[in-house]
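See structure below.
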Amino acid sequence: MKHPNWNMGAKVTIDSSTLVNKGLEIIEAKWLFGVDIDKIKVLVHRQSIVHSMVEYVDNGIIAQLGAPDMRLPIQYALTYPNRLPMKGNELDFTKYSSLTFEEPDTDTFFALELAKRAGREGGILPTVFNSADEAAVELFLNGRISYLGIPESIQKAMESVKNIENPTLEQILETDKYARELVMKLN
């Protein structure tokens, strides 16, 4: 339950370690920036300094770097397009001798692949992915399922739902409830 770089709370810490958070982020990027899921690459960056990178058509890459916490990205999201001063959040490059990046282990942490599927297929599946994860994390935190039972629960929920291409708000709310109840029942 201890993130190496900051305290995010139990739910986000678990989602970070299972790669569910990265899955949710690629679904967000698809909708926020109109990027195809298969053009989004996820890397594990243990120093938590690089918060995002964008590769342009000329293969140039621009990265947003900041102190290893989420205050700056959150502030920028709230104040965009303005940038405001933030004291006590300076990045000292002399404390980091290198920045490393790794491919995620999607065999063990296959929730990322489930999120990609949900993002590709769209419709009601992103709702199922999120709702099933929330229920599964609650079960894990209460000692009712194993750590790796989280992505297994998400997968079972996604497999049990017929996708609705353009769901109504009512269908989204019904599916949210169904996915949560299903995960609780299965475990």
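Worth a mention:
- Cleavage-rule hits (GluC sites (Glu not before Pro)) in segment 77-166: DSSP loop, at most 10 neighbouring Cβ within 10 angstrom: GLU90, GLU165
- Whether segment 22-81 is rounded, prolate or oblate, judged on the alpha carbon gyration tensor where a/c under 1.5 counts as rounded: rounded
- Greater than 23 Å apart at Cα, pairs in LYS11/LYS177; LYS11/LYS156; LYS116/LYS185; LYS156/LYS177; LYS116/LYS156; LYS39/LYS156: LYS116/LYS185; LYS39/LYS156
- Note, ³J(HN,Hα) from phi for segment 117-131, Karplus 6.51, -1.76, 1.60, rounded to Hz, x at Gly and Pro: 4, 4, x, 5, 7, x, x, 8, 4, x, 5, 4, 4, 5, 5
- Percent accessible area from carbon and sulfur atoms, segment 45-120, protein chains only, probe 1.4 Å: 56
- Here the simple spin-label model places points 7 Å from the Cα toward Cβ, and for LEU99 and GLU159 these points are separated by 4.0 nm.
- Paired Rg and Dmax values of segment 49-187, which use every Cα atom, in angstrom: 19.3, 53
- Computed from the C-beta positions of LEU65 and THR168 and an R0 of 41 Å, the FRET efficiency is 0.50 to the nearest 0.05.
- Heavy-atom accessible surface of the chain, averaged per residue, reaches 62 Å², computed with a 1.4 Å probe.
- Reachable aspartates and glutamates, given that their alpha-carbon falls under 19 Å from the alpha-carbon of LYS87 and they are not under 8 places away in the same chain: ASP69
- Among the trypsin sites (Lys or Arg not before Pro) in segment 84-187, those placed in a DSSP loop whose Cβ has at most 12 other Cβ atoms within 10 Å are LYS87, ARG144, LYS162.
- Here segment 137-187 is treated as a sphere whose radius is the Kirkwood value from Cα pairs; by Stokes-Einstein at 37 °C and 0.692 mPa s it diffuses with a coefficient of 280 µm²/s.
- In segment 48-138, chymotrypsin sites (Phe, Trp or Tyr not before Pro) in a DSSP loop with at most 14 other beta-carbon atoms within 10 Å: TYR56, TYR96, PHE101
The values are calculated or read from the model by the stated rules, or taken from the named source; none is laboratory data. For clarity, every value in this text was computed on a predicted model and none was experimentally measured. Here Cβ is always computed from backbone atoms with ideal geometry, including for glycine, and neighbour counts include all displayed protein chains. SASA here: full protein model, heavy atoms, side chains in, ligands and nucleic acids out. Shrake-Rupley method; radii C 1.70, N 1.55, O 1.52, S 1.80 Å.
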